[in-house]
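This report concerns only the one structure given below.
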Amino acid sequence: MTSAATVDPLLRVRGLEVVFPGSRRVLHAVNGVSFDLARGETLGLVGESGCGKSTIGRALLGLVPEPGQVVAGSIEVDGEDVTAAPPSRRRELRGAKLAMVFQDPMSALNPVMTVGAQLREALGVHTDLRGRKADDRAAELLALVGIPAPRDRLRAYPHQLSGGMRQRVGIAMAISCEPAVLVADEPTTALDVTVQAQVLDLLRRLSDGLGMAVVLVSHDLGVVAGLADRVVVLYGGYVVEEGTAEDVLTAPVHPYTAALIGSRAEIDGPRPDRLRAIPGSAPALAGPALECPFRPRCAYAEPACRQGNPVLETVRPGHRAACPVRARALAGAAGGAA
Ligand SMILES: Nc1ncnc2c1ncn2[C@@H]1O[C@H](COP(=O)(O)OP(=O)(O)OP(=O)(O)O)[C@@H](O)[C@H]1O
Ligand SMILES: [Mg+2]
């Protein structure tokens with residue numbers, strides 16, 4: 001499968017498959033996911049809980065948790081296939097080329113080490129900065145992520161900081177070695193609304209200012225709309241739609257994308273109590289889909305939707321969706337209007 005994006009992408013993911021073997025069955029969490037990411041670009045990975053967002057993010061760093069396994073596909077960073085790299089090389093690449101910001105900043109920070117000691121440790125692995133120079137750089141990083149009085153904060157322990165400050169430290173750790181790709185997994189979910197906006201603004205400044213490419217994992221389409229250049233929509237571990245943020249969020253083709261956008265409108269609108277506005281439940285991920293995985297919940301389903309899992313097809317330049325039924329209907333409507 002080819003992706004519509006760039007000629008020479010910084011990150012190139014092809015046919016990624018991740019499974020979690022269980023005692024009774026194998027869970028197919030990521031099913032043949034492909035996408036590209038260009039330098040300086042922000043890509044939003046969106047979809048409901050359990051659709052495989054974090055698993056993809058972790059797979060990029062070689063950090064799929066046990067008993068999970070990457071069973072197929074390739075992940076190329078700057079032309080190097082990291083899935084084929086030995087563990088020592090993967091460790092080198094983490095931090096230097098790829099780094100991750102986690103939803104819960106505490107999980108990335110060591111509670112018994114000061115912020116300064118942790119930053120010095122990160123710098124020690126990937127740079128030759130030591131002693132005073134490492135301290136200077138650590139303070140510089142804290143200043144960069146908007147932490148006031150950064151010198152003093154180097155002596156603080158994570159529990160002495162607010163949630164927003166901890167997430168900023170998590171981001172400072174992640175960018176300490178100037179990775180080419182930053183994977184941010186729900187970076188603001190644990191934060192309150194005003195702090196969320198500040199952290200998102202920080203991510204925007206970092207990608208604009210440092211030219212860093214960002215994979216932004218989020219279930220929040222508002223966050224994605226504000227930050228992402230392109231969007232990949234996942235359903236049951238499959239990519240169902242992909243395109244520029246504007247195309248996907250304002251002119252969605254796949255009924256699932258439309259439903260996600262609709263459910264957000266409903267959250268913002270008259271029914272703030274209805275958090276799960278898409279009726280039905282997410283697919284079981286028991287094995288390769290033999291029909292459209294969204295069919296049981298889809299308002300547009302036709303008998304043909306049972307005949308195999310639709311592949312992504314180009315609906316307009318740079319915009320692909322895995323729903324021939326809607327693609328045809330929308331093309332017909334556009335043709336009729338012209
Ligand atoms: N360590 C694990 N062991 C077994 N199954 C796992 C593990 N981690 C994830 N899974 C399963 O893989 C699937 C994808 O999970 P993942 O965490 O990637 O989803 P997600 O899109 O990030 O969801 P959320 O929005 O809730 O964070 C889910 O069915 C989940 O239960
Ligand atoms: Mg997740």
Out of the residues in segment 118-142 meeting the condition of being closer than 22 Å to E92 by Cα and either of a type in the set (A, V, I, L, M, F, W, C) or in contact with a Ser or Thr (Cβ under 7 Å, 6 or more places away or on another chain) (or both), tell me which one is surrounded by the most Cβ atoms within 10 Å (Cβ to Cβ). A138
Which residue pairs have Cβ atoms closer than 8 Å, lie 6 or more positions apart in sequence or on different chains, and pair a first residue in segment 176-204 that is on the phi > 0 side of the Ramachandran plot with a second residue that is surrounded by fewer than 20 Cβ atoms within 10 Å (Cβ to Cβ) and of a type in the set (A, V, I, L, M, F, W, C)? E178/L210
Answer yes if at least one residue in segment 246-255 is of a type in the set (V, I, T), closer than 23 Å to L330 by Cα and part of a strand (DSSP E or B), and no otherwise. no
What number goes with the only condition from (1) over 13 Å from D220 (Cα atoms); (2) touching a Gly at 6+ places or on another chain (Cβ under 8 Å); (3) part of a helix (DSSP H, G or I) that V183 does not pass? (3)
For V70, only one of the following conditions fails: (1) at pLDDT 95 or above; (2) in contact with a helix residue (DSSP H, G or I) (Cβ under 7 Å, 6 or more places away or on another chain); (3) surrounded by 22 or more Cβ atoms within 10 Å (Cβ to Cβ). What is its number? (3)
Can you spot a residue in segment 189-196 that is among the aliphatic types (A, V, I, L, M), closer than 29 Å to L27 by Cα and buried (at least 24 other Cβ atoms within 10 Å of the Cβ)? no
Counted residues in segment 106-117 being surrounded by 14 or more Cβ atoms within 10 Å (Cβ to Cβ), small (G, A, S) and under 22 Å from the mean Cα position of the chain (by Cα) come to 1
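For segment 74-105, which positions are under 20 Å from the mean Cα position of the chain (by Cα), away from ligand 1 (no atom under 16 Å from the Cβ) and either of a type in the set (A, V, I, L, M, F, W, C) or in a strand (DSSP E or B) (or both)?
S74, E76, V77, D81, V82, L93, A96, L98, A99
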Limited to segment 49-90, what total is found for residues that are more than 17 Å from V101 (Cβ to Cβ) and among the aliphatic types (A, V, I, L, M)? 9
Selected residue (criterion: farthest from the chain's Cα centre (by Cα)) from residues of segment 310-338 that are in contact (Cβ under 8 Å) with a residue 40 or more places away in the chain, buried (at least 19 other Cβ atoms within 10 Å of the Cβ) and assigned to a loop (DSSP other than H, G, I, E, B): C323
Given the criterion under 30 Å from R24 (Cβ atoms), out of contact with any Phe, Trp or Tyr (no Cβ under 7 Å at 6 or more places or on another chain), buried (at least 19 other Cβ atoms within 10 Å of the Cβ) and at pLDDT below 95, identify the matching residue among L290, L260, L285. L285
Within segment 17-65, which residues are within 16 Å of ligand 2 (Cβ to nearest atom), in a strand (DSSP E or B) and not aromatic (F, W, Y)? V18, L27, A29, V30, V33, L43, G44, L45, V46
Within the set of pairs 6 or more residues apart or between chains, which connect a residue that is part of a helix (DSSP H, G or I) inside segment 223-235 to a residue that is among the hydroxyl-bearing types (S, T, Y) with Cβ atoms less than 7 Å apart? V223/T188; V224/S218; L227/T42
If V82 meets every condition in (1) buried (at least 16 other Cβ atoms within 10 Å of the Cβ); (2) farther than 26 Å from L200 by Cα; (3) out of contact with any strand residue (DSSP E or B) (no Cβ under 8 Å at 6 or more places or on another chain) apart from one, which number is that one? (3)
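The values are calculated or read from the model by the stated rules, or taken from the named source; none is laboratory data. Just so it is clear, the structure is predicted and the values come from calculations on it, not from any experiment. Neighbour counts are summed over all protein chains in view; Cβ atoms, including those assigned to glycine, are modelled from backbone coordinates with ideal geometry.
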